[in-house]
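Encoded as structure tokens, the structure appears first; notes follow it.
The values are calculated or read from the model by the stated rules, or taken from the named source; none is laboratory data. From a predicted model like this one, the values you see are computed outputs, not experimental measurements. Cβ: placed from backbone, ideal geometry, glycine included. Neighbour counts: every protein chain shown. Ligands, DNA and RNA are stripped out before the accessible areas are found, and what is left, the full protein with its side chains, is counted by its heavy atoms. Shrake-Rupley method; radii C 1.70, N 1.55, O 1.52, S 1.80 Å.
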Amino acid sequence: MNQREFKQRQKKLLQQLGKNSVAIVPTAAEKIRNRDAEFPFRADSDFYYLTGFKEPEAVAVFIPGRKAGEYVLFCRERDPLMETWNGRRAGLAGALQLYNAQEAYPIDQIEEILPQLLENRERVYCAIGNDEHFDKRLMGWVNKVRQKARTGILAPQEFLSLDSVLHEMRLRKSKAEIALMRKAADISSAAHIKAMQACRPSISEYVVEAELVHTFTKYGCPAAYTSIVGGGANACILHYTENDAPLQDGDLLLIDAGAELDCYASDITRTFPVNGTFSQAQKIIYEIVLRAQLAAIKAVKPGNHWNQPHEVAVKELTKGLLENKLLRGDLKTNIKNENYRKYYMHRTGHWLGLDVHDVGDYKINGKWRKLEPGMVLTIEPGLYIAAETPGASKKWWNIGIRIEDDVLVTEDGCDVLSKKAPKTVAEIEAIMAKPHAA
Ligand code: GLY
Ligand code: MN
Ligand code: MN
């Protein structure tokens, strides 16, 4: 992502904060996996959105109207020894030259310097309640300013949530963000195709997962979230991530996996037969889910509200369940009583962006918000018929299906960013039948 993009975001934020305010945005904390081993570091999404800075131990401060600089970055200093062990650092000069900070200070000096930036500012914008440890430090900084009251220096009086400002900005994607998300979806689509081609009975779920990892890594991407690779009964466990069971002939395989490119997520689910050919029962349920998904995608357009795609999906799924005697009674009552929840227990989507479940309110003043061009959401209906489900005949047992795409709201409808991932029965069977390079 171009630095100009970050500059525009900083400018927009500064304008919205208004005079006498200050916004404090820390990056994520590093997390221990076991003793001396850490999880790979991933910057906090709000922090990254505003700075483009991917190193740990950093705090950005935005101070509208401050003559000495409106954007101050605290970060690690250059340190040849530490860099030999743990990797390169931008340092203070890099913060100024590469990341356009107007002032940069060592993170080790934040306790002394940050309180000075709060002096005579009335309002502090921050993500209160996100990180207890950080909240305490913030109160400590404010208290330091309060101690100067007798010298005539005023301490901030108001604490406001930065989310309402920043998350509205993040909800509407720029051209550059959309280009990145399209590319992330392309990479994920290629990974799903590879997985379909590699799949066959008796290999383990993790062997198929390896195909996903291989494709993501080939493009320099981590997974945006832990991949779900669940065969048969495992496809009916919504957050299954063990991915260690052998795949059985005659079962379906559900894969929910997406690459993260330059911190932007994709989120795709495809479900296909382990042996390459859908059984009659699998095909019937698959077609219901696909019909629901296509109808929901059609409902993604400006002016429609957030919940419309979900309502459309629920209607199609319930119709299909009634047609196949998985539910009894009439359509209206089944929808009203939410009887479909026995087989469809989640919602039809979520915002997508820097976070997989991205930020942005779904309701405004208690009402579902309207979709607008530039918003990106997932459309992911499914049906999950676990074994022994009361009222479900045995022929449907262990059929778990979800179809998930990433969808951009455009001026006159929508654009499916993940359209390169095959999803009709015919497309999937053709890809799995074709001989392919190992
Ligand atoms: N992969 C997470 C989700 O579909 O919401
Ligand atoms: Mn999703
Ligand atoms: Mn998903």
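What to note about this one:
- Contact map, segment 255-269: residues that are on the phi > 0 side of the Ramachandran plot paired with residues that are modelled with pLDDT of 95 or more, Cβ distance under 6 Å, separation 6+ or inter-chain. Pairs shown: 262/180; 263/48; 263/354.
- Matching option when the condition is away from ligand 2 (no atom under 16 Å from the Cβ), of a type in the set (A, V, I, L, M, F, W, C), assigned to a loop (DSSP other than H, G, I, E, B) and touching a residue at least 24 places away in the same chain (Cβ under 8 Å), among 387, 421: 387
- Residue match in segment 309-322 (condition: of a type in the set (Ser, Thr, Tyr) and open to solvent by 50 Å² or more (accessible area, probe 1.4 Å)): no
- Considering segment 111-170, the residues that are aromatic (Phe, Trp, Tyr) and touching a helix residue (DSSP H, G or I) at 6+ places or on another chain (Cβ under 9 Å) include one that is nearest to residue 66 (Cα to Cα), namely 125.
- Condition met for residue 366 (open to solvent by 10 Å² or more (accessible area, probe 1.4 Å), modelled with pLDDT under 95 and away from ligand 1 (no atom under 16 Å from the Cβ)): no
- Number of the exception - residue 289 against (1) free of Cβ contacts under 8 Å to residues at least 40 places away in the same chain; (2) touching a Lys or Arg at 6+ places or on another chain (Cβ under 9 Å); (3) within 16 Å of ligand 2 (Cβ to nearest atom): (1)
- Long-range neighbours under 8 Å by Cβ, at least six apart or interchain, first residue over 17 Å from residue 73 (Cα atoms) within segment 111-123, second surrounded by 15 or more Cβ atoms within 10 Å (Cβ to Cβ) and of a type in the set (Ser, Thr, Tyr): 121/21; 122/21; 123/21
- Qualifying residue in segment 266-275 (condition: away from ligand 1 (no atom under 16 Å from the Cβ) and within 17 Å of the chain's Cα centre (by Cα)): no
Yes/no per residue for (1) crowded, with 17+ Cβ neighbours inside 10 Å; (2) not acidic (Asp, Glu):
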| position | (1), (2) |
| --- | --- |
| 387 | no, yes |
| 393 | no, yes |
| 403 | yes, yes |
| 407 | yes, yes |
| 413 | no, yes |
| 419 | no, yes |
| 426 | no, yes |
| 429 | yes, no |
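- Residue in segment 87-103 that is surrounded by the most Cβ atoms within 10 Å (Cβ to Cβ), counting only those that are assigned to a helix (DSSP H, G or I) and of a type in the set (Gly, Ala, Ser): 95
- Any chance residue 349 is within 14 Å of ligand 1 (Cβ to nearest atom), open to solvent by less than 50 Å² (accessible area, probe 1.4 Å) and either at pLDDT 95 or above or not aromatic (Phe, Trp, Tyr) (or both): yes
- Matching residues in segment 203-229 - criterion: being over 15 Å from residue 258 (Cα atoms) and either surrounded by 22 or more Cβ atoms within 10 Å (Cβ to Cβ) or modelled with pLDDT under 95 (or both): 205
- The number of residues in segment 381-410 being within 16 Å of ligand 1 (Cβ to nearest atom) and out of contact with any His (no Cβ under 8 Å at 6 or more places or on another chain) comes to 11.
- The set of residues in segment 230-250 being surrounded by 23 or more Cβ atoms within 10 Å (Cβ to Cβ) and not hydrophobic (A, V, I, L, M, F, W, C) consists of 230, 231, 234.
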